[in-house]
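Visitor: After the structure tokens below, expect a handful of questions from me.
Where a number appears in this text, it was derived from the coordinates with a stated rule and is not lab data. Because the structure is a prediction, the values reported are computed rather than measured. Please note: Cβ atoms are built from the backbone with ideal geometry, for glycine as well, and neighbour counts cover all protein chains shown.
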Amino acid sequence: MAKDMNKGGFELESSTYDALISACIGLKSIRGVKRVFSYMSSNGFELDLYMRNRVLLMHVKCGMMIDARRLFVEMPEKNLVSWNMIIGGLVDSSDYAEVFRLFYIMWEESLDGGSRTFAMMIQASAGLGHIFVGRQLHT
């Protein structure tokens, strides 16, 4: 549909891409994710931080963590939402060592994690069997 709109001379707006991303997330469509992202890239769509986070979320929710990590690393700007998305995806995929590595980088960059970040860190601690670390994060 997006291709047809573009062929008809319609320039797709951010809200259209946002709707396509939401559909891919809802359907957990890896094929859809790849098509939407490829289409956005090939048409020179400029991604602001909000749209970069949406694209990152689309990859995370569809379990495409290798691509999600690459996108995260390539993001010119990140906020707490970006960090929480990638950390949450890594927790969900049980990649706890990477969770701690990213949390350390986040901490080095003086980004204060919120309650969601700390909840994920406690979950990662439990996943690794580091009850002491979980207690330290909690206090």
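Visitor: Name every residue in the stretch 62-95 that is crowded, with 19+ Cβ neighbours inside 10 Å and either touching a Cys at 6+ places or on another chain (Cβ under 6 Å) or basic (K, R) (or both), in order of residue number.
Guide: Once the filter is applied, which keeps residues that are crowded, with 19+ Cβ neighbours inside 10 Å and either touching a Cys at 6+ places or on another chain (Cβ under 6 Å) or basic (K, R) (or both), the stretch 62-95 yields R69, K78.
Visitor: Restricting the search to the stretch 99-114, which residues are charged (D, E, K, R) and in a helix (DSSP H, G or I)?
Guide: Taking the stretch 99-114 and keeping what is charged (D, E, K, R), we get 101, 108-109, 112.
Hits for the stretch 99-114 are R101, E108.
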